[in-house]
1. What pairs come out if I take residues in region 348-362 that are touching a residue at least 12 places away in the same chain (Cβ under 8 Å) and under 19 Å from Leu272 (Cβ atoms) and pair them with residues that are assigned to a helix (DSSP H, G or I) and charged (D, E, K, R) whose C-beta lies under 8 Å away, six or more apart or interchain?
2. Of everything in region 143-164 that's small (Gly, Ala, Ser) and part of a strand (DSSP E or B), which residue is surrounded by the fewest Cβ atoms within 10 Å (Cβ to Cβ)?
3. Looking for something buried (at least 17 other Cβ atoms within 10 Å of the Cβ), out of contact with any helix residue (DSSP H, G or I) (no Cβ under 9 Å at 6 or more places or on another chain) and touching a residue at least 40 places away in the same chain (Cβ under 8 Å) - is there at least one such residue anywhere in region 240-247?
4. Considering every residue within region 281-294, establish whether at least one is within 19 Å of Lys394 (Cα to Cα) and not in a helix (DSSP H, G or I).
5. How many residues, within region 88-133, are surrounded by 16 or more Cβ atoms within 10 Å (Cβ to Cβ), assigned to a loop (DSSP other than H, G, I, E, B) and touching a residue at least 60 places away in the same chain (Cβ under 8 Å)?
6. When you look at Tyr297, is it in contact with a Lys or Arg (Cβ under 9 Å, 6 or more places away or on another chain) and of a type in the set (Phe, Trp, Tyr), yes or no?
7. With the condition kept exactly as written, say whether any residue in region 165-184 is of a type in the set (A, V, I, L, M, F, W, C), closer than 20 Å to Cys71 by Cβ and in a strand (DSSP E or B).
Amino acid sequence: LDPCRGAPNPVVLRLEGPSLSALCPRCPNPPYQQTPPPPLASDWVFLTRFCFLTTEGRLDFRFRYSKSRCCQNILLYFDDSSQWPAVYKKPDKNCYQKEEVLRPENNQVINLTTRYTWSGCVEDGDEEVLSCVGGRSFRSVRERWWYIALSKCGGEGLQLEYEMKLTNGQSFWTKHFSADEFGILETDITFLVIFSLVFLLSCYFAYNLKGRQLFHTTYKMFMTAAGVEVLSLVFHCIYWDLYAHDGIGNGSLKLMGKLLFSVSFLVFLLMLILLGKGFTVTRARISPSGSVKLSIYMTVYTITYIILFIYEAEFFDPGEVLYAYDSPAGYGLMGLQLLAYVWFCYAVLVSLKHYPEKQPFYIPFFTTYTLWFFAVPVMALIANFGISRWAREKIVNGIQLGIHLYAHIVFLVITRPSAANKNFPYHVRTSQIGILLSSPVGEATGEGFPHHAYGNSSFLGDSQPNFTELFSIQSVSGRPTRHWSPSNRDSLPLNPCLIFDLATRYNIFQRTLRCPRTPMCRCICLFDVAVVWCYVDVTADMGPYSNGLKRK
């Protein structure tokens with residue numbers, strides 16, 4: 001029963017309005033009540049829908065109502081255009097006209113009276129109550145959506161208590177699942193295993209990157225997206241497992257899985273835009289105007305996602321088979337996705353214009369994620385207009401997870417820390433970011449990195465740290481343009497910008513080092529490293545530590 005199918009306890013719905021869609025939406029079953037529910041003024045009402053297999057679908061029911069309300073009918077419509085679409089939400093048709101579309105030879109009407117043998121109705125003891133217990137098996141040439149309605153044409157309204165159990169065979173993987181949900185649990189388990197491997201591999205790569213001081217913010221965002229994706233699949237798998245056992249599940253688990261899935265998508269989308277703009281690849285930070293634009297865009301995207309969830313929960317009609325993107329909020333998300341792609345294209349082109357040496361990274365990056373940007377809206381349009389409704393949910397679930405997996409694996413491959421990886425994007429180390437952010441002039445300005453092709457050469461299997469690389473910024477030619485190391489503290493390079501990376505583990509300066517106050521000198525402290533550089537004579541401001549430092 002959708003909702004509340006396969007309930008272990010009888011389900012009692014009070015017919016209090018024109019629709020039962022909100023009375024038991026994936027909720028715990030209320031205790032069986034002996035007091036009759038109040039009557040419903042309408043003479044025809046939709047109860048639920050279910051997609052049955054061609055030969056194994058079955059409906060088991062129990063109805064109970066007062067004889068004074070006799071006689072009520074259970075109507076079984078299927079998804080043919082001459083049946084359910086012809087009667088649902090058709091105010092111009094009355095109850096009799098809605099019953100006329102049914103075919104008596106197909107046993108689509110269950111008359112809840114003792115005169116109709118197949119209804120299983122008997123008088124319940126001395127009470128003036130009819131109790132009907134029975135079932136129906138469904139046969140069709142393909143999987144079909146079946147819609148169950150209740151009617152009493154020309155009477156005083158509807159009033160009854162009922163329990164229905166709709167199943168597809170007896171297998172654990174199919175029994176309580178509607179045919180459009182077949183394979184979702186197996187698919188989610190498979191992708192959970194694969195995404196877990198992707199996340200573990202990213203952790204291993206992150207360990208290597210951190211050892212080389214190349215563990216940048218964008219890679220952390222990728223790991224966050226992958227980890228949240230794994231959590232999302234965990235919640236979905238738990239929900240569908242519970243659902244397979246009792247046909248009810250826990251709606252909160254499914255909602256949490258959807259929310260985490262959306263968070264993973266948003267984090268990954270933000271990471272792509274930042275990489276397109278060159279963040280951690282060609283620049284140390286995003287400009288203030290760019291940060292404001294990104295904040296506004298992501299806020300709008302998040303709000304639209306929230307509206308989509310609310311719209312799906314509150315306004316989707318259970319009498320129609322709808323897809324989440326088949327709504328104003330869904331079309332809004334597709335529009336925002338295309339807007340993000342335009343922004344992504346512009347950002348990549350600007351990055352390539354200023355840093356053409358980054359083509360080995362940006363060309364495959366742009367090509368592969370162009371497919372990803374278009375995959376989401378194209379999938380939504382195909383799901384809305386190109387996939388049969390009886391197969392939509394399971395197909396869309398697999399495609400959606402496949403699109404996410406494609407995006408994560410591509411990023412994992414192009415950022416793998418290997419000397420053989422010619423697409424590796426990072427070349428400036430995390431220990432150098434502070435220098436670049438505070439640099440007053442020169443090529444390493446506050447936003448842009450110095451020109452350099454790649455840092456993958458640092459992954460050649462050396463077992464000891466390369467202190468020259470740790471305390472220097474490489475040029476395109478590979479030669480250090482400015483550096484300091486413990487071995488040459490008495491001989492500074494002949495470079496206008498004298499940069500000293502003073503690691504506390506070498507005891508060169510104390511942690512209480514006072515920064516020079518001259519306009520041409522600056523000092524920052526990054527974690528346990530003090531960084532000082534000047535464009536004038538440095539000996540005047542170094543006090544007792546100036547011994548051995550030559551004027552340059």
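1. Hits for this filter: Ser351/Lys358.
2. Taking region 143-164 as the starting set, the residues that turn out to be small (Gly, Ala, Ser) are 149, 151, 154-155, 157.
With part of a strand (DSSP E or B) added as a condition, the list becomes 149, 151.
Working: Ala149: 23, Ser151: 19.
Result: Ser151.
3. Step one: list which residues in region 240-247 are buried (at least 17 other Cβ atoms within 10 Å of the Cβ), which gives 240, 243-244, 247.
Subset that is out of contact with any helix residue (DSSP H, G or I) (no Cβ under 9 Å at 6 or more places or on another chain): 247.
Keeping just the survivors that are touching a residue at least 40 places away in the same chain (Cβ under 8 Å) gives 247.
Yes, region 240-247 has at least one match.
4. Quick first cut of region 281-294, residues within 19 Å of Lys394 (Cα to Cα) only: none.
Among the residues of region 281-294, not one is within 19 Å of Lys394 (Cα to Cα) and not in a helix (DSSP H, G or I), which makes the answer no.
5. Residues flagged as surrounded by 16 or more Cβ atoms within 10 Å (Cβ to Cβ), assigned to a loop (DSSP other than H, G, I, E, B) and touching a residue at least 60 places away in the same chain (Cβ under 8 Å) within region 88-133 amount to 1.
6. Details: in contact with a Lys or Arg (Cβ under 9 Å, 6 or more places away or on another chain): no; of a type in the set (Phe, Trp, Tyr): yes.
Taking the combined requirement at face value, the residue does not satisfy it.
7. Step one: list which residues in region 165-184 are of a type in the set (A, V, I, L, M, F, W, C), which gives 166, 172-173, 177, 179, 182, 184.
From the residues that got through so far, the ones that are closer than 20 Å to Cys71 by Cβ too are none.
No - not one qualifying residue is present in region 165-184.
Here's the yes/no breakdown for (1) buried (at least 20 other Cβ atoms within 10 Å of the Cβ); (2) closer than 21 Å to Val378 by Cα:
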| site | (1), (2) |
| --- | --- |
| Leu269 | yes, yes |
| Phe279 | yes, no |
| Ser287 | no, no |
| Ile303 | no, no |
| Leu322 | no, yes |
| Tyr325 | yes, yes |
| Val348 | yes, no |
| Lys353 | no, no |
| Pro356 | no, no |
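Only the coordinates and a few stated rules stand behind these numbers; no lab work does. Everything numeric here is computed off the predicted structure, so don't read it as measured data. Quick reminder, even Gly has a Cβ in these numbers, built from the backbone with ideal geometry, and neighbours come from all protein chains shown.
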